[in-house]
Amino acid sequence: MTEPDFLAATRAAYDTAAVRYAEFVGERFHSSPLNHAMISVFAELVRAAGGGLVADVGCGPGHITAHLRSLGVTAFGVDLSPEMIALARGAHPGLRFEVGLMGDLEVEDASLAGVLSNYSIIHTPPERLPEMLAEFHRVLAPGGHLLVSFQGYDHPTGLAEAFDHKVSLAYRYSPDRVAELLLKAGLDEVARLICAPGEDTQRGFPQAYLIARRTA
Ligand SMILES: C[S@@+](CC[C@H](N)C(=O)[O-])C[C@H]1O[C@@H](n2cnc3c(N)ncnc32)[C@H](O)[C@@H]1O
């Protein structure tokens, strides 16, 4: 089957930017208390539900996969960019990283305790988002948790708006609309954090973190 253009474009952009991206992103994550806090909450929910394997989809250079491990969660990383995966393997040799697509994961049905998508749906065009969420639902075991984070779009009805991401074309999403799509995919919202736009000194976008659970 022919690959959609958006995947080829995203892969090429992250392959080119991988080294530069990896140089700053880990430090940015570890100095973002709110992003950090939501990953900790996600990890606690996974552990409290009995633990199990977690996929960090769109893992980039693997810093959050490693952080999840430090929180006692058995995580592995998947990214469509071979360059990102090479960097992740180099930086975290004891961990598992695979080149792959988050919309077509090489994972058995209902086999994961968690899926983490930290700013990785943002390169998915809005019309393709439902199939991505359906894939997260497919791989999650009943009662499994999803954390999805993205730049927010505060609009009364719209789903998404394109923005000038530095690496590749990206979309910011309406948290309410994403929560509706999650529900349609069989993922019930558990909690959300929306950071005030003023906290984003770069673009002034709200940052959204949604935690959902596959219906048990
Ligand atoms: C903005 S970066 C976020 C990286 C990391 N999760 C973080 O929080 O720093 C987006 C990452 O998602 C990956 N990505 C985007 N679309 C993807 C897809 N459809 N399947 C797998 N990886 C994807 C990109 O290659 C890139 O590494």
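The values are calculated or read from the model by the stated rules, or taken from the named source; none is laboratory data. Just so it is clear, the structure is predicted and the values come from calculations on it, not from any experiment. All Cβ positions, glycine included, derive from the backbone under ideal geometry; neighbour counts span all protein chains shown.
For this structure, a couple of remarks:
- Leading residue by the ranking (nearest to the ligand (Cβ to nearest atom)) among those in the range 138-150 that are surrounded by 21 or more Cβ atoms within 10 Å (Cβ to Cβ) and in a strand (DSSP E or B): Ser149
- Looking across Val41, Val19, Val57, Val107, one residue alone is closer than 21 Å to Gln207 by Cβ and out of contact with any Ser or Thr (no Cβ under 9 Å at 6 or more places or on another chain). It is Val41.
- Only residues that are under 30 Å from Arg177 (Cβ atoms), buried (at least 21 other Cβ atoms within 10 Å of the Cβ) and touching a helix residue (DSSP H, G or I) at 6+ places or on another chain (Cβ under 9 Å) were counted across the range 81-128, and they come to 13.
- Any hit, the range 25-33, residues being closer than 19 Å to Ala208 by Cβ, of a type in the set (S, T, N, Q), surrounded by 13 or more Cβ atoms within 10 Å (Cβ to Cβ) and at pLDDT 90 or above: yes
Residue-by-condition table, conditions (1) surrounded by 15 or more Cβ atoms within 10 Å (Cβ to Cβ); (2) touching a Phe, Trp or Tyr at 6+ places or on another chain (Cβ under 8 Å):
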| site | (1), (2) |
| --- | --- |
| Pro4 | no, no |
| Tyr14 | yes, yes |
| Tyr21 | yes, yes |
| Ala37 | no, no |
| Ser40 | no, no |
| Arg47 | yes, no |
| Ala55 | yes, yes |
| Cys59 | yes, yes |
| Leu68 | yes, no |
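- With respect to the stated conditions, Leu183 fails to be surrounded by 15 or more Cβ atoms within 10 Å (Cβ to Cβ), not in a strand (DSSP E or B) and not small (Gly, Ala, Ser).
- Of the residues in the range 170-178, none is among the small types (Gly, Ala, Ser), in contact with a helix residue (DSSP H, G or I) (Cβ under 8 Å, 6 or more places away or on another chain) and farther than 21 Å from Val115 by Cβ.
- Filter pass, Pro156 being in a loop (DSSP other than H, G, I, E, B), more than 12 Å from the ligand (Cβ to nearest atom) and either within 22 Å of Val41 (Cα to Cα) or free of Cβ contacts under 8 Å to residues at least 12 places away in the same chain (or both): yes
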